[in-house]
Amino acid sequence: MWRFLKLILHRYGSARRRASRRRKAPGGLRIQVNRTTFVRFWRLIYPFFFSEFKWQARGLVTLLAVFALSISGINVLLSYANRDFMTAFALKDQDEFFKTLVLYLLMFALATPVTVLQSYTEQRMALLWRMWLSRQVLGKYFTNLAYYKVRSYEGIDNPDQRIEEDIRSFTATSLSLFIIFCNAALTLVTFIGILWSISFNLIIAVFLYALFGSTITYLIGRPLIGLNFTQLKKEANYRYKLVNIRDNAESIAFYRGHRKELTRARQRLKEALDNFLRIVNLNRNLGFFIVGYNNLKPVIPLIVVAPLYLSGNIEFGVVTQSVEAFVRVVEALSVLIQHFATISSVTAVVTRLGTFTEALADTAKPKAVESVIETIEEAEQPRITFENVSILTPVRDQLIIENLSFSLSEGGLLITGSSGSGKTSLLRTIAGLWNAGHGRIHRPPLTRAVFIPQRPYMVLGTLRNQLLYTSGRQGISEEELHFVLKQVGLEETMKRVGGFENALDWNSILSTGEQQRLAFARLMLARADYAFLDEATTAVDTDSERHLYSLLMKAVRAYISVGYRANLAKYHHTILELTGDGKWKLERSDAYSRD
């Protein structure tokens, strides 16, 4: 037996060392249970009990503890009731049999509402915790442009899954495990006394048996932690690919790219299934041991107490009580064995949530860098001025623009140049999305400006929601909405979609040209003083482009456009041409017209 155990320990110890060398998650995350895991777990739990929901949280936890204590007490009473019931049955004592049967049934009747109420309280607690944690993470996600900055963090994949699925799984599963551990602790305290009263040898046997089982289970199942982490990522990648296909269905259809998309979707599905197969195989190996381990649990106490029963020192009911108490204590001591798969899954979720919240916190910290572009907001004397501004990529590995200087207080500036010369990067710098480099920028508050990308963002909501997305104004009438839609040429579109209150899939319903017109409608409703346009009229015809720019000139004080000189020069009085390698050229446009 000892040689067999030694062989198993050596085999799985070697496997664990090999796995630990491989167990490195994407992005350099090392998935293992260590102090960092527990610190992350604590940070996700501790603030909840000191939040605005602290009294509700503490009250629900107290209720759960009371229910757990009640169930443990009922189980002890059931143990003694079962002992007397089985003894009366073995002795064929009819009066005692029916008396203990009634008591037995009363205990079960009492256990039913307590168990149901414990489950209900657990679900309410999980719901409250999920609501609080989701609000906290969402608040950080939308603060300081974290949702934009976190994209560049290595290893932070699929933030949508971490915010929704991982938080839901973490709150529900970790709370369930908490109750399981509480019940295990109470069971251990209450039932170990019963074993002690029967035979001290039962105490020795139960601890040795549980220690053996827990050790082997941990050695066999530890790789599940890394595999579960990888599974979450693979499933999220597969789901994201399906969403990507849905959002770009028309483009894929035009390209006749369905076969390629099918191949890529199948590849991501294969990656998820291959990893899940490894989890299944490991659970199979773990199952071989756990099933045998569980089957032996009622046999061990019988072997220990059989001599006592056969010698007449204990009654038959005590034998059954010893079996029940032994099984319960082993389960309490072997909670790691019984719930190892769940624990490994929670550990993976804690790692994903922990790294995500750490990345969100990191985005809010000031970076210790050599130099950044200084941005000054001027509300009193609004203007857009660049003073010797050099722009670098966020990782500072490439110079985009060098020592750019210009000033714009009214009228239009056109940024032109070859593809990849840094036109959009300049707008990102004005918006404060990029700040790597040096120099100084004076600009108005962004609350007075509107950015219009080439493909405008279509929000989930009604047509009214679309139009008012960039507007902070209140009480805009339907007459004004109708007037603006008519100005940008969307009056017929509004009739086609059925009015302002219909919620549709706008990316599919509206063409790119209609979406660009809608972006100009947003600009006019926002009544901004400044506009920044990134190839914002590429999907409309020449006459419509001229009309939209004429509306723009009347609506704002100054605007900056990104586009091609041949098409847009006549709508701007100044041309900034980016010639590559950080070089630039600034000149006035002779073709400029405000007609």
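Quick notes on this one:
- Any chance Asn295 is assigned to a helix (DSSP H, G or I), under 30 Å from Ile198 (Cα atoms) and modelled with pLDDT of 80 or more: yes
- Remark: pairs (first residue in the stretch 233-249, assigned by TED's automatic domain parsing to the domain that holds Asp166; second residue aromatic (Phe, Trp, Tyr); Cβ separation under 9 Å; 6+ apart in sequence or on different chains) = Lys234/Phe276; Glu235/Phe276.
- Subset of the stretch 412-443 [modelled with pLDDT of 90 or more and over 27 Å from Val150 (Cβ atoms)]: Gly412, Leu413, Leu414, Ile415, Thr416, Arg440, His442
- Failed item in (1) over 27 Å from the mean Cα position of the chain (by Cα); (2) modelled with pLDDT of 80 or more; (3) surrounded by 14 or more Cβ atoms within 10 Å (Cβ to Cβ), with Gly257 passing the rest: (2)
- Residue that is nearest to the chain's Cα centre (by Cα) [pool: residues in the stretch 470-500 that are closer than 14 Å to Arg527 by Cβ and surrounded by 15 or more Cβ atoms within 10 Å (Cβ to Cβ)]: Thr470
- Out of Arg35, Arg124, Arg30, Arg40, one residue alone is under 26 Å from Gln136 (Cβ atoms), charged (D, E, K, R), surrounded by fewer than 16 Cβ atoms within 10 Å (Cβ to Cβ) and modelled with pLDDT of 85 or more. It is Arg124.
- Listed conditions (1) at pLDDT 85 or above; (2) among the charged types (D, E, K, R); (3) surrounded by 15 or more Cβ atoms within 10 Å (Cβ to Cβ); (4) within 30 Å of Lys583 (Cα to Cα) are all met by Arg455, apart from (1).
- Any hit, the stretch 225-232, residues being surrounded by fewer than 18 Cβ atoms within 10 Å (Cβ to Cβ) and assigned to a helix (DSSP H, G or I): no
- Qualifying positions in the stretch 325-346 - crowded, with 22+ Cβ neighbours inside 10 Å, of a type outside the set (A, V, I, L, M) and either part of a helix (DSSP H, G or I) or not assigned by TED's automatic domain parsing to the domain that holds Ile45 (or both): Phe326, Arg328, Phe340, Ser344, Ser345
- Residue ranges of strands (runs of 3 or more DSSP E) in the stretch 364-420 with at least 1 members charged (D, E, K, R) and closer than 30 Å to Leu548 by Cβ: 374-377
- Selected residue [surrounded by 15 or more Cβ atoms within 10 Å (Cβ to Cβ), over 19 Å from Ala68 (Cβ atoms) and among the small types (Gly, Ala, Ser)] from Ser152, Ser169: Ser169
- Looking only at the stretch 439-491, and only at residues there that are part of a loop (DSSP other than H, G, I, E, B) and β-branched (Val, Ile, Thr), the one that is nearest to His547 (Cα to Cα): Val488
- Residue that is surrounded by the fewest Cβ atoms within 10 Å (Cβ to Cβ) [pool: residues in the stretch 279-298 that are in contact with a helix residue (DSSP H, G or I) (Cβ under 9 Å, 6 or more places away or on another chain) and among the aliphatic types (A, V, I, L, M)]: Leu296
Let's see how each residue does on (1) more than 31 Å from the chain's Cα centre (by Cα); (2) surrounded by 18 or more Cβ atoms within 10 Å (Cβ to Cβ):
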| residue | (1), (2) |
| --- | --- |
| Leu211 | yes, no |
| Val243 | no, no |
| Ala249 | no, no |
| Thr263 | no, no |
| Arg266 | no, no |
| Leu269 | no, no |
| Pro301 | yes, yes |
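The values are calculated or read from the model by the stated rules, or taken from the named source; none is laboratory data. The shown structure was predicted, so the numbers you read here are calculated from the model rather than taken from an experiment. Here the Cβ is made from the backbone with ideal geometry for all residues, glycine too, and neighbour counts use every protein chain on show.
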